[in-house]
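Undergrad: Quick one: structure below, then a few questions.
We did not get these values from a lab; they are worked out from the coordinates using the rules stated. Fair warning: this is a prediction, and the values are worked out from it, not measured in the lab. No Cβ is skipped: glycine too gets one built from the backbone with ideal geometry, and neighbour counts run over all protein chains shown.
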Amino acid sequence: MPSTPRPVFRNIHITDIRTYRLPAAGFVSILHRVSGAVMFLLLPFIVWLFDASLTSEVSYDRFTSAFVAGIGFLPGWFIKLVVLGLIWAYLHHFIAGVRHVWMDATHSVTKEQGRSSAVVTLAASAVLTVVLGAKLFGLF
């Protein structure tokens, strides 16, 4: 009986990037790293937001006016857009972290469970970001 040839796995060359299909778990992994980097790089802005919102009534008024009038040469909509990026980064990083803890705790490492939990992670972070972004931009 002839044996079927085994598949050959090789490294992806830069020319293969356009045709390579990354699985959902791969997207979650990359976005988990990106969201962590975004939160780390914007940490001074986050600290300023926290400090300005808690120091005094005057600083809180300045904090809330930044979303309308902006800060310096940056318009208010840009500040909201940066905060929306932070909202997405936090939500995605948190949900992906919970996914990893759940997989570690339950030893759920099958291909199907990895795919389904990755899809849930992507969908939940996107839906929650849209809802909180709508609130941030004053749609409700």
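Undergrad: If you average 1/r over every pair of different alpha-carbon atoms in the chain and take one over that average, what Kirkwood value in Å do you get?
TA: About 18.2 Å for the chain.
Undergrad: Here's a follow-up. Expected output is a single nm value to one decimal: the length gained when fully extending between Ile12 and Val119, i.e. 0.36 nm times separation in residues minus the C-alpha distance. What is it?
TA: 36.1 nm
Undergrad: Could the peptides 13-24, 30-41, 50-61 be put in order, highest first, of the mean number of other beta-carbon atoms found within 10 Å of their residues?
TA: Put in order of decreasing packing, that is 30-41, 50-61, 13-24.
Undergrad: Could I ask something else about it? Could you grab the relative contact order for the chain? Cα pairs under 8 Å, six or more apart, rounded to a whole percent.
TA: In percent, rounded to a whole number, it is 27.
Undergrad: Let me ask something else about it. Which of the listed residues, Tyr20, Pro75, Ser116, is farthest toward the dipole's positive end in the chain, when Lys, Arg count +1 and Asp, Glu count -1 at the beta-carbon?
TA: Tyr20
Undergrad: Hey, another quick one. Roughly how large, in nm² to one decimal, is the mean projection of the convex hull of the alpha-carbon atoms in segment 24-70?
TA: Approximately 4.3 nm², given one-decimal rounding.
Undergrad: Once you charge only the Cβ atoms, +1 for Lys and Arg and -1 for Asp and Glu, what is the size of the charge dipole of the chain about its Cα centre, to the nearest 20 debye?
TA: 660
Undergrad: Oh, and also: Choose one answer from Val130, Val119, Val47: the residue with the largest mean-square fluctuation in a GNM of the chain with alpha-carbon springs under 10 Å.
TA: Of Val130, Val119, Val47, the most mobile in the Gaussian network model is Val47.
Undergrad: At 222 nm, what value in deg cm²/dmol follows for the chain if DSSP H runs of at least 4 each add -39500 (n - 2.57) and the sum is divided by all its residues, to the nearest 500?
TA: -24500 deg cm²/dmol
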